[in-house]
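First the structure, in the form of C-alpha cells, and then the observations on it.
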Amino acid sequence: MDNNNPTYNADGLTYSKFKRLMKGLYINLTDTELGKLRPVVKKAIAEDVYRKDEEIGSITDLTVSTCIILMEELGLKSASIIALVLYRPFIRKSITIEEIQKLFGKDIADIVDGLAKVNALEKNESAIASDNYIKLLISLAEDMRVILIKIASRLHRFRCAEKYTEQYRMQLAIEVSYLYSPLAHKLGLYNIKTEFEDLYLKYTDPEAYNYIVSKLSESKVARDKYIASFIAPIDARLKETGLKYDIKGRVKSISSINNKLKKQKIDFESIYDLFAIRIILNSHKDKEKAECWQVYSIATDMYTPNPKRLKDWLSIPKSNGYESLHITVMGPESRWVEVQIRTKRMDEIAERGLAAHWKYKGVKSQSKMDDWLTNLREMLENKSMDSEEKLDNFKLDLYDDEIYVFTPKGDLHKLPNGATVLDFAFAIHSRIGSTCVSGKVNGKNVPIRYKLQNGDQVEILTSPNQSPKRDWLGFVVTSKAKNRIRQSLKEEANKQVEIAKEMLKRRVKNRKIEINESIMMRLIKKLGFKTITDFYIKIAEESLDINSVIDQYIELEKKETEQHDKHEAVSAGSYVPQNLDIIKETLGKEELILDKNLTGVDYKLAKCCNPIYGDEIFGFVSSQGIKIHRKNCPNAHDMFFRFGYRIIPARWSGKSGSTYTVTLRVIGNDDIGIINNLTSIISKEAGVSMRAISIDSNDGLFHGNVSVILNNTDMLNGLIKKLRTIKGVKEVSRLN
C-alpha cells in the first residue's frame with residue numbers, strides 16, 4: 001500500500017494468503033459493501049493497478065498482507081479494510097475521492113485521503129527531517145484508523161525486510177524505532193510493539209539477536225518443564241472452583257532479554273525472571289473483577305507474592321483501555337514468575353489495543369484517545385515551538401507510565417509518573433496552571449513542584465498576580481504543561497523584544513547611524529547571547545545599556561571594515577554541516593559513502609563504538625559534523641529512537657587505506673605462558689600490530705584488554721578466531 005521503493009524480489013502472494021483474505025472479507029464486510037467493492041476492484045485489475053512492480057514487488061501482496069493483519073491481528077472491520085483496498089486504485093486514478101465518498105461514504109473517503117497524505121510525505125526518502133516528521137504526525141493524528149493501517153503496513157514490511165536492500169532495511173529500522181513502535185505502545189498494541197522491537201534487534205544487531213535465540217532454543221525443554229511444574233498446582237486448584245479459564249506460559253521477548261543483559265551486565269543464565277504465566281478467564285462482564293481477584297487469591301496462596309510488583313489495572317485501566325492484574329510470585333527453585341490475570345475480553349483488548357474497542361464499544365477509552373490526538377495536533381501545529389521541542393514532547397506523550405489522582409470532588413485524572421502539582425493544574429485548564437501558586441494534597445499545603453503519588457486528592461490554589469516562570473520548565477513533566485509555559489514565556493518575550501527594538505531604533509536614529517544587520521548579529525554573538533531574543537530582553541530589562549551596545553557596534557564595524565579581505569576568505573575544507581538538509585544537499589545522494597576521496601563533508605569515527613572498515617555503519621548528524629557509528633553501537637537504539645531524523649545511511653567504499661585501533665577483551669585461566677601465547681599470535685598476524693596490553697588477575701582468572709592496530713573487520717575476525725584457539729582462553733570479544 002505504500003509508495004516507497006525498496007528492492008523486493010519475490011512475489012509473496014500465495015493461494016492460502018488469498019483464501020485468508022477472501023474469508024476475512026466475507027466475515028467483516030456486508031453483502032452490500034462487497035457488491036459495491038467488486039466492480040471497483042475488477043476495473044482496477046483491468047487497468048493493471050495491482051500490477052507487480054519491478055522495484056516494489058507484488059503490490060497485491062502488500063495490500064493483501066496488510067488487510068490480513070488488520071483483520072486477524074487488529075480486529076478492524078469494514079471501513080479500514082475497504083479504504084486500504086481502494087487506496088491503490090485512488091492513487092493510480094482509477095477512482096476519485098468524490099466517487100469513493102458517493103459509493104462508500106465520507107468516513108472511508110477520509111481514511112483513503114489520509115493514507116494518501118501520509119504516503120506522499122514518506123515518498124521522499126532522501127532525509128527523515130524534523131519538519132517532515134511533524135507533517136507526518138499531524139496527518140496521522142487526523143484519524144486513528146490511518147495510524148492503525150500504517151502500523152499494519154510497516155509490520156508487514158518489517159517482517160519481509162530480509163528481501164529488501166540493506167539501505168532500505170536501515171530506513172525501516174529508523175522509522176519503526178522512532179515512530180511506529182512508540183505509536184503501537186501508546187495504542188496498546190503490545191504484541192506488535194514487541195515484534196517491532198525484536199525485528200529491530202534482528203536487523204541492527206544480528207549477533208545479539210541470534211545469541212539470545214540460540215540460548216532460548218537450548219533451554220526450551222527445561223523451560224517448558226518448569227512452566228508446566230509451575231502451572232500444575234494452580235491448575236488443580238482452579239478446576240475445583242468451576243471457573244472457565246485458559247492458562248498460557250510464555251518467555252519474555254528477545255528485545256527485553258537483550259535489554260536486561262545490557263542494563264544489568266549479566267550473562268543469559270543469570271536472568272531470573274524469564275517466565276510469565278497468563279490466566280485468561282471466560283467471565284461474564286459483571287463478574288470479571290470478582291473472578292480475577294479470586295484467581296489472584298489462589299495464586300498467592302500457592303506461591304509467595306512480591307508486594308512491590310503488584311500492578312492493578314483492573315480498578316483503574318490504562319488510558320489505552322488495558323485491563324489486567326499483574327503479580328510476581330516466587331516459584332519453584334526460587335525463581336520469580338510474573339502472573340497476569342485477565343478475562344477473555346480484557347485479553348483481546350490487550351492483544352489488539354485500541355482497535356478492539358470498536359468491537360467492545362469502549363466509548364470512554366476511545367474518547368480519551370481522541371483527547372490525546374487533539375492535544376497532539378495542537379502541540380504539533382503550535383508555531384511558537386521549534387521542531388526539536390515538538391518531537392521531544394511527542395515522545396514524552398507516548399511512553400509515560402501513569403498515576404491516578406483525584407480532584408476534591410472525586411473526579412479522576414491520569415498523569416505521567418513524576419507529575420507535579422503544577423502539571424495537575426495545567427491538566428485541569430491552562431489558565432489554572434498559569435496562575436497556580438501552590439496546592440493542597442490530601443489536605444496539606446504543598447509547593448507547586450511537589451510530586452504527586454497514586455491516589456492523592458489535589459486542590460489547586462491560584463492568584464491573579466501569578467504568571468508562568470522559566471524555572472517551571474525544570475520540574476513539570478507533561479507535554480501540555482511544557483507547551484503552555486513555553487507559549488506564555490514566548491508571548492511575554494515577544495512583547496519585551498518589540499519594546500527593546502523600538503528603544504534601540506530610536507537611539508540609533510538619534511546618533512545618525514545605519515545598522516548593518518550581519519555585523520549586529522556578530523556583536524550579539526560576541527556579547528555571549530545564544531539568541532537575538534535574549535539580547536533584546538536584556539535591553540528591555542535595562543540590564544544591558546543601549547549606548548554601550550551602540551559604541552561596541554561602531555568599534556566592531558570599524559575593525560571589520562579594516563580587515564575585510566582577511567575575514568572574506570573561508571576555507572572550503574573547514575566546512576562543518578549544521579543540519580541534515582545542508583548535508584543532503586552537499587552529498588547529493590541518499591547514502592554517505594566513506595572513502596578517502598570524500599570532500600566537503602566533515603565526518604569523524606565515533607569514540608563510543610570505534611567503527612573500523614568493514615563494520616556495518618550509519619551516520620549521525622551532530623553539532624560537530626557527522627559522527628560514524630557501528631549499527632550495534634550501545635548508543636544506536638537511543639539515537640534511532642530519539643533522533644531518527646538525524647540518521648544518515650552510510651557504508652564503506654573501495655579498499656581500506658587506513659589503520660584502526662581496536663581493543664579486545666580476553667578472559668581465560670591464569671596460566672603461565674598464556675600471555676606469551678597471546679602476544680606471539682598477534683605479532684605473527686600479517687598487518688596486525690599490538691599497541692597496548694593490560695592484565696588483571698583474580699581467583700585464578702585473568703581479564704585482559706589488548707589494543708591492536710589493523711585495517712579491517714576481516715583481519716579482526718581472523719585474529720579473534722585464532723586467539724580463541726589458545727588453550728586456557730575462555731572468551732575473546734571486541735570492546736565498544
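The numbered conditions (1) polar (S, T, N, Q); (2) out of contact with any strand residue (DSSP E or B) (no Cβ under 9 Å at 6 or more places or on another chain); (3) touching a residue at least 12 places away in the same chain (Cβ under 8 Å) are all true for residue 679 except (2).
Scan region 583-639 for residues that are at pLDDT 70 or above and not in a helix (DSSP H, G or I) and the total you get is 36. Apart from one condition, residue 53 fits all of (1) modelled with pLDDT under 80; (2) among the acidic types (Asp, Glu); (3) over 37 Å from the mean Cα position of the chain (by Cα); the exception is (3).
If you go through region 237-246 one residue at a time, do you hit one that is of a type in the set (Asp, Glu), more than 33 Å from the chain's Cα centre (by Cα) and surrounded by 12 or more Cβ atoms within 10 Å (Cβ to Cβ)? Scanning region 237-246 turns up no residue that is of a type in the set (Asp, Glu), more than 33 Å from the chain's Cα centre (by Cα) and surrounded by 12 or more Cβ atoms within 10 Å (Cβ to Cβ). Taken as a whole, the structure leaves residue 322 outside the set of residues that are modelled with pLDDT of 90 or more and not acidic (Asp, Glu).
Filtered by the rule that a residue be modelled with pLDDT under 90 and touching a Leu at 6+ places or on another chain (Cβ under 8 Å), region 223-249 gives a lone residue, 223.
Among strands (runs of 3 or more DSSP E) entirely within region 415-483, having at least 1 residues that are more than 30 Å from residue 308 (Cα to Cα) and modelled with pLDDT under 95 singles out 436-441, 458-462. Condition first: in contact (Cβ under 8 Å) with a residue 40 or more places away in the chain and touching a Ser or Thr at 6+ places or on another chain (Cβ under 8 Å). Now tell me which residues in region 445-460 satisfy that. The answer is 452, 457, 458, 459. Residues in region 492-525 that are assigned to a helix (DSSP H, G or I) and touching a residue at least 40 places away in the same chain (Cβ under 8 Å): 10 in all.
Report, by residue number, each residue of region 636-649 that is more than 13 Å from residue 173 (Cβ to Cβ) and either among the acidic types (Asp, Glu) or out of contact with any strand residue (DSSP E or B) (no Cβ under 7 Å at 6 or more places or on another chain) (or both). Break it down into steps so the answer makes sense when it comes.
Kept after step one, since they are more than 13 Å from residue 173 (Cβ to Cβ), are these residues of region 636-649: 638, 642-643, 645-646, 648.
Those that are more than 13 Å from residue 173 (Cβ to Cβ) and either among the acidic types (Asp, Glu) or out of contact with any strand residue (DSSP E or B) (no Cβ under 7 Å at 6 or more places or on another chain) (or both): 638, 642, 643, 645.
Residue by residue through region 295-317, note down the ones that are over 23 Å from residue 232 (Cβ atoms) and of a type outside the set (A, V, I, L, M). 307, 308, 311, 312, 313, 315, 317, listed by residue number.
Table: residues versus (1) closer than 11 Å to residue 422 by Cβ; (2) within 31 Å of the chain's Cα centre (by Cα).
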| residue | (1), (2) |
| --- | --- |
| 437 | yes, no |
| 450 | yes, yes |
| 464 | no, no |
| 467 | no, no |
| 473 | yes, yes |
| 478 | yes, yes |
| 489 | no, yes |
| 492 | no, no |
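In the condition set (1) over 27 Å from residue 265 (Cα atoms); (2) not assigned by TED's automatic domain parsing to the domain that holds residue 614, residue 648 is compliant with all but (2). Does at least one position in region 720-727 carry a residue that is farther than 27 Å from residue 262 by Cα and either in contact with a strand residue (DSSP E or B) (Cβ under 8 Å, 6 or more places away or on another chain) or in the same structural domain as residue 630 (by TED's automatic domain parsing) (or both)? Yes, because at least one residue in region 720-727 is farther than 27 Å from residue 262 by Cα and either in contact with a strand residue (DSSP E or B) (Cβ under 8 Å, 6 or more places away or on another chain) or in the same structural domain as residue 630 (by TED's automatic domain parsing) (or both).
The rows are residues; the columns are (1) under 30 Å from residue 415 (Cβ atoms); (2) surrounded by fewer than 17 Cβ atoms within 10 Å (Cβ to Cβ).
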residue	(1), (2)
293	yes, yes
298	no, no
311	yes, yes
328	yes, no
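Here is a list: 463, 430, 467. Which entry is touching a residue at least 12 places away in the same chain (Cβ under 8 Å) and either within 26 Å of residue 542 (Cβ to Cβ) or touching a Leu at 6+ places or on another chain (Cβ under 6 Å) (or both)? Checking each option against the conditions leaves just 467. Condition test on residue 126, is it within 29 Å of residue 17 (Cβ to Cβ) and modelled with pLDDT under 90? When the stated conditions are applied, residue 126 does not pass them. Look through region 176-210, keep the residues that are surrounded by fewer than 18 Cβ atoms within 10 Å (Cβ to Cβ) and without any contact (Cβ under 8 Å) to a residue 40 or more places away in the chain, and return whichever of them is farthest from residue 159 (Cα to Cα). Per the criteria, the residue is 210.
The test for being without any contact (Cβ under 8 Å) to a residue 40 or more places away in the chain, in the same structural domain as residue 68 (by TED's automatic domain parsing) and surrounded by 24 or more Cβ atoms within 10 Å (Cβ to Cβ) does not hold for residue 146. Taken over region 624-682, the criterion of being more than 19 Å from residue 720 (Cβ to Cβ), buried (at least 16 other Cβ atoms within 10 Å of the Cβ) and in contact with an Asp or Glu (Cβ under 6 Å, 6 or more places away or on another chain) is satisfied by 625, 649. If you go through region 56-92 and keep only what is among the hydroxyl-bearing types (Ser, Thr, Tyr) and modelled with pLDDT of 85 or more, you end up with 65, 66, 80, 87.
Here the condition is being charged (D, E, K, R) and modelled with pLDDT under 85; of 714, 699, it holds for 699 alone.
Conditions tested, residue by residue: (1) under 39 Å from the mean Cα position of the chain (by Cα); (2) loosely packed, with under 12 Cβ neighbours inside 10 Å; (3) touching a residue at least 40 places away in the same chain (Cβ under 8 Å).
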| site | (1), (2), (3) |
| --- | --- |
| 684 | no, yes, no |
| 710 | yes, no, yes |
| 714 | yes, no, yes |
| 720 | yes, no, yes |
| 724 | yes, no, no |
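Go through region 250-275 and give me each residue that's modelled with pLDDT of 85 or more and either in a helix (DSSP H, G or I) or aliphatic (A, V, I, L, M) (or both). Passing the criteria: 254, 255, 256, 257, 258.
Answer yes or no as to whether residue 316 is surrounded by 12 or more Cβ atoms within 10 Å (Cβ to Cβ), within 16 Å of residue 231 (Cα to Cα) and under 33 Å from the mean Cα position of the chain (by Cα). Here the answer is no, as residue 316 does not meet what is asked. Filtered by the rule that a residue be surrounded by fewer than 19 Cβ atoms within 10 Å (Cβ to Cβ) and in contact with a helix residue (DSSP H, G or I) (Cβ under 7 Å, 6 or more places away or on another chain), region 262-284 gives 268, 271, 282.
The values are calculated or read from the model by the stated rules, or taken from the named source; none is laboratory data. These figures come from a predicted structure and were not determined experimentally. No Cβ is skipped: glycine too gets one built from the backbone with ideal geometry, and neighbour counts run over all protein chains shown.
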